[in-house]
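**Q** Before we start, here is the structure in question, set down as structure tokens.
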Amino acid sequence: MIRSIDVKLLTQNIKEMCIQANHYLAPDMDKAMKNAYEKETKPLAKQILGQLLENLDIAGEDMIPICQDTGMAVVFLKVGQDVHFEGGSVEDAVNEGVRQGYTEGYLRKSVVGDPLLRVNTKDNTPAIIHYEIVPGDQVEIMVAPKGFGSENMSKIYMLKPADGIEGVKEAIINTVKEAGPNACPPVVVGVGIGGTFEKAAILAKKALTREIGTHSELSHIKELEEELLEKINQIGLGPAGLGGDTTALAVNINTYATHIAGLPVAVNICCHVNRHIHRTI
């Protein structure tokens, strides 16, 4: 049975999601930050975590952004194959939602139309849109505004199969070390392993949107996530890079099949706000 959806519904939801994601910390991140504060043993680190939590409370109460870098809008659309969109272009509708959200929400416009000419588009469009076609007649929307302090510290590695799991661990840990304070720790580390060059990067980006505290359904990947989180926190970088027990709040790993000659690894780092919001229409 075909279900028709007017693209205006996409626009309205994405507008609201952009505003909400930039003003309120996602529930899983709020819980992770509070847990980190309770467990932190270093006085300065605990003080910084307390200040970050206070900042987040003020942002929510006064409706000001939780971070001054309100990010480039990344939108994941999981579209049921029985959905028929009507009333216009889906891509235009998504960008209109971003445009309205960033304008009406008084959010900083951070997008330039050309990477070399550097002229601001003045409405934070275009968004980065990822589509996935799935069974059903619903549309799942994930909006994840991504700031570039942490984005700039992300990396992709085209490892060889001989590098093995130890090479994967080294790549991930070294990326966090090299990021230092620039990624605004405590961070969330999204990792994509497998696929091709571009697939690994998308896997890593999507991993950032997974609920903090949940793990891969694959037992060996779950163990790897837990091991890497422990090792990253042993670095001692800490909140704001000033030392402490809490360098990362989570390591989320997504995997995909890959070529016999390759072992792609993408590491996408996100700061402590790690904005993401999900709706189904």
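Nothing in this text is a laboratory measurement; each read-out follows from the coordinates by a stated rule. Owing to the predicted nature of the structure, the values given are computational and were not obtained by experimental measurement. Note that we place each Cβ from the backbone using ideal geometry, even for glycine, and neighbour counts take in every protein chain shown.
**Q** Testing the spin-label approximation: label points 7 Å from Cα along Cα→Cβ at Asn174 and Thr196. State their distance in nm.
**A** 2.6
**Q** Please give the residues of region 190-227, grouped as numeric ranges, whose backbone N is less than 17 Å from a label point set 7 Å along the Cα-to-Cβ vector of Met158.
**A** Flagged as within label range: 193-202.
**Q** How do 7-17, 50-60 rank on mean C-beta neighbours within 10 Å, highest first?
**A** 7-17, 50-60
**Q** Taking the Cα atoms of the chain alone, what are Rg (to one decimal) and Dmax (as a whole number) in Å?
**A** Reported Rg and Dmax, both Å: 19.1, 60.
**Q** Next up: Suppose every Lys and Arg Cβ carries +1 and every Asp and Glu Cβ carries -1, with no other charges. What dipole size does the chain come out with about its Cα centre, to the nearest 20 debye?
**A** With only Lys, Arg, Asp and Glu charged at Cβ, the dipole is about 460 debye.
**Q** Taking 0.36 nm per residue of separation and subtracting the Cα-Cα distance, what length does fully extending Glu230 through Ala257 add?
**A** Answer, rounded to one decimal: 7.1 nm.
**Q** At q = 0.15 Å⁻¹, what is the log10 ratio I(q)/I(0) for region 148-274, with the Debye formula run over Cα points and no solvent?
**A** -0.60
**Q** Let me ask something else about it. According to a simple spin-label model (label point 7 Å from Cα along Cα-to-Cβ), what is the distance in nm between Asn182 and Gln47?
**A** Placing both labels 7 Å beyond Cα along the Cβ direction yields 2.7 nm.
**Q** Here's another thing I want to ask about it. List the cysteines in the chain whose Cβ has no other cysteine Cβ under 4.7 Å from it.
**A** Cys18, Cys67, Cys270
**Q** Note down the magnitude of the dipole of region 12-73 about its Cα centre, charges +1 on Lys and Arg C-beta and -1 on Asp and Glu C-beta and zero elsewhere, to the nearest 20 debye.
**A** Here region 12-73 has a charge dipole of around 240 debye.
**Q** Calculate the radius of gyration of the Cα atoms of region 96-151 to one decimal place, then report Dmax, the largest Cα-Cα distance, as a whole number, both in Å.
**A** Final numbers for Rg and Dmax: 13.9, 43 Å.
**Q** Give me the tail of P(r) for region 1-131 as a percent: Cα-Cα pairs with distance above 23 Å.
**A** Roughly 47 percent, once rounded to a whole number.
**Q** Could you tell me what percent of the DSSP beta bridges with both partners in the chain are antiparallel, to the nearest 5?
**A** Counting only bridges with both partners in the chain, antiparallel ones make up about 50 percent.
**Q** To the nearest 0.05, how large is the calculated FRET efficiency for Asp137 and Met63 if R₀ is 45 Å and r is the Cβ-Cβ distance?
**A** Computed FRET efficiency for Asp137 and Met63 comes out at 0.80.
**Q** Mind giving me the nanometre distance, one decimal, between the label points for Lys109 and His278, set 7 Å out from Cα along Cα→Cβ?
**A** About 3.3 nm, to one decimal.
**Q** Hey, another quick one. Give me the dipole magnitude in Debye, nearest 20, for region 148-274 about the Cα centre, with unit charges on the beta carbon: positive for Lys and Arg, negative for Asp and Glu.
**A** Here the size comes out at about 320 debye.
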